[in-house]
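Undergrad: Here it is, the structure, as structure tokens.
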């Protein structure tokens with residue numbers, strides 16, 4: 001796999017581990033970066049479920065999926081839409097918070 005397939009989509013540009021600049025060009029590429037993420041994600045091990053404005057991603061413990069998620073976390077899609085992370089590689093997103101359809105967090 002190529003190194004960091006989302007480099008040009010990163011929201012913040014880093015140098016020596018510090019934020020150096022904001023990548024303004026990344027802000028209008030939200031949908032594009034998600035499509036690239038889906039095309040690289042191995043759904044034989046993990047899964048991506050899209051139900052209207054709600055998206056759930058499950059890594060399945062596959063290391064390449066975890067690597068993609070770590071890089072995906074630096075993108076505007078993640079910053080705009082991420083709602084919940086649950087132990088075991090489960091990530092939940094809402095792409096339209098104006099809709100009534102949203103994730104619920106319930107303590108058991």
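The values are calculated or read from the model by the stated rules, or taken from the named source; none is laboratory data. This is a predicted model, so every value here is computed, not measured. Positions of Cβ are backbone-derived with ideal geometry, glycine not excepted, and every protein chain shown enters the neighbour counts.
Undergrad: Condition first: touching a strand residue (DSSP E or B) at 6+ places or on another chain (Cβ under 6 Å) and more than 20 Å from residue 105 (Cβ to Cβ). Now tell me which residues in segment 42-68 satisfy that.
TA: 46, 47, 48 - these are the residues of segment 42-68 that are touching a strand residue (DSSP E or B) at 6+ places or on another chain (Cβ under 6 Å) and more than 20 Å from residue 105 (Cβ to Cβ).
Undergrad: Another question about this same structure. Please tell me if residue 69 is crowded, with 18+ Cβ neighbours inside 10 Å and either more than 13 Å from the chain's Cα centre (by Cα) or in a strand (DSSP E or B) (or both).
TA: For residue 69, the condition - crowded, with 18+ Cβ neighbours inside 10 Å and either more than 13 Å from the chain's Cα centre (by Cα) or in a strand (DSSP E or B) (or both) - is not met.
Undergrad: Can you run down the residue pairs with Cβ atoms below 9 Å, 6 or more apart or on separate chains, where the first is in segment 1-26 and on the phi > 0 side of the Ramachandran plot and surrounded by 10 or more Cβ atoms within 10 Å (Cβ to Cβ) and the partner is modelled with pLDDT of 70 or more and part of a loop (DSSP other than H, G, I, E, B)?
TA: If the second residue must be modelled with pLDDT of 70 or more and part of a loop (DSSP other than H, G, I, E, B), the pairs left are 4/74.
Undergrad: Would you list the strands (runs of 3 or more DSSP E) that sit entirely within segment 1-66 and hold 1 or more residues that are within 19 Å of residue 89 (Cα to Cα) and modelled with pLDDT of 85 or more?
TA: Because the criterion is at least 1 residues that are within 19 Å of residue 89 (Cα to Cα) and modelled with pLDDT of 85 or more, the strands (runs of 3 or more DSSP E) in segment 1-66 that meet it are 47-51, 54-58.
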